[in-house]
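A short write-up of the structure that comes next.
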Amino acid sequence: MAYGFFKGEKVLVTGGTGLIGGPLVERLVDQGAKVKIASLDNVSRAHPQAEFCRVNLTRFERCIEVCRGMDYVFHLAGVKGSPAMTAKRPATFFVPTILFNTNILEAARQCEVKHVLYTSSYGVYAPAEIFREDDVWKTFPSPHDKFAGWAKRMGELQAEAYAIEYDWHHVSIVRPANVYGADDNFDAQNAMVIPSLIRRAMDGENPFVVWGDGSAVRDFVHARDVARGMLLAVEKEVSQPINLGSGMGVSVRRLVEIIIGQLDRKPEVVWDTTKPSGDRIRVMDVSRAKSVGWVPSVSIEEGIRETMKWYRENRSVADERFNVFREQKPV
C-alpha cells in the first residue's frame, strides 16, 4: 500500500464511527485525506479531525448530500447483530441494509466519485468448509444468514448492473469474515460471538454457559486488518470481490480458552449442547487478497487480549453506540 495515496482526497466513510470505520478513518486522516463520516452515532464517537454528519442513509436525498463533491466513498454502514437477533427481527436487518446499499451506490454513481468500496459479508456464502469468492452465485446463503446474506448480495449485483449498463467499473467489493476488535458491539442482547463471550466473562458470569459443544469453527479477522484491506482494494481498484479473513479456522472452544485464560478468576465453563452451534466449519480462502498484497497481521490471541483490555477500560461507555434494536429513531 502506498502511504499517502489518499492525501488531499475528499473521502466519505459511511459507518465511520464503527468497529471497522474507526481504524479506517484513522488511517485515512493519517494519510492526509479530508474525511467525512456519515453515521447515526453521537458525534463524540467520531474522529476529531473528520467532518461528522449524523445522517439517515435510508433517505436517498441525504445520501446525495453526503456524496456530493467526494472523490472516494467507503461504504461500511450496515446493521450488525447476533444470529439470534437476526432470527427474531429479520426485517430490521434486511430493509435498512437494502436501502443503505442501494442509495449510497446510486448516489456515488450520480455524483461521479472516483471509486467506491462496498462492504459485503461472508454471510453471502452457502454452508461450506471453505469460502471461495467465485462460488457465491452457484448457491444460496446459509439459512443462518438468509436475510443479511441476500441483502448484501443485492449490493454486489447493483455494482455489476452499473458495469453492464453504464460501463461504470468503479466499485471494489470486500467480504470480511467475523470481524472483532476494540470498540466492538458489546450489547448483552445483540453482540457477536467474541464480544459476547468477552462481556460475559469479564462481567463475572459463573458458571460460564456457552451454546453448543465448542466444536464450531469460524474465521475471525481483526478490524485493523480489514481496514488495511479496504484501503488496498480501493488503491489498486480491485475489480473482483475479495475475502478478508484469517484463512484459518478457530473453534469456539479455543476462543473460550483464550478469554478465560486472561481472567484472574476462572469460572466453571458449561457447554449447553441442547443449543445450536450453527454451521460446523466456515473458513475463508484468502488467496485472492494475498495476491494483491494483503495479509492479516493480528493473531487471534493478540486481538482478543487487546479487545479485552479495551472493554476493561471502556466498560462504562461500551453501550453508548447507536443500536437499531433499541428502537432509537433515526434522524
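The values are calculated or read from the model by the stated rules, or taken from the named source; none is laboratory data. Note that the coordinates shown come from a computational prediction; the quantities given were computed from them, not determined experimentally. Every residue, glycine as well, gets a Cβ built from its backbone with ideal geometry; the counts of neighbours run over all protein chains shown.
What the table shows:
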| read-out | value |
| --- | --- |
| Extreme residue, farthest from Lys114 (Cα to Cα), among residues of region 152-206 that are out of contact with any strand residue (DSSP E or B) (no Cβ under 9 Å at 6 or more places or on another chain) and basic (Lys, Arg) | Arg199 |
| Residue match in region 61-73 (condition: in a helix (DSSP H, G or I), surrounded by fewer than 24 Cβ atoms within 10 Å (Cβ to Cβ), under 18 Å from the mean Cα position of the chain (by Cα) and not acidic (Asp, Glu)) | no |
| Any hit, region 300-311, residues being among the hydroxyl-bearing types (Ser, Thr, Tyr), touching a strand residue (DSSP E or B) at 6+ places or on another chain (Cβ under 9 Å), at pLDDT 95 or above and part of a helix (DSSP H, G or I) | yes |
| Filter result for the condition that a residue is in contact with a Gly (Cβ under 7 Å, 6 or more places away or on another chain), among the aliphatic types (A, V, I, L, M) and modelled with pLDDT of 95 or more, over Val270, Val256 | Val256 |
| From the options Pro195, Pro141, residue that is buried (at least 21 other Cβ atoms within 10 Å of the Cβ), of a type outside the set (A, V, I, L, M) and in a helix (DSSP H, G or I) | Pro195 |
| Enumeration of residues in region 264-291 that are among the aliphatic types (A, V, I, L, M) and under 28 Å from the mean Cα position of the chain (by Cα) | Ile281, Val283, Met284, Val286, Ala289 |
| Any hit, region 185-202, residues being under 20 Å from Tyr72 (Cα atoms), among the β-branched types (Val, Ile, Thr) and in contact (Cβ under 8 Å) with a residue 40 or more places away in the chain | no |
| Pair list, Cβ < 6 Å and 6+ apart or interchain, from region 93-121 residues that are in contact (Cβ under 8 Å) with a residue 24 or more places away in the chain to residues that are in a helix (DSSP H, G or I) and basic (Lys, Arg) | Ser120/Lys152; Ser121/Lys152 |
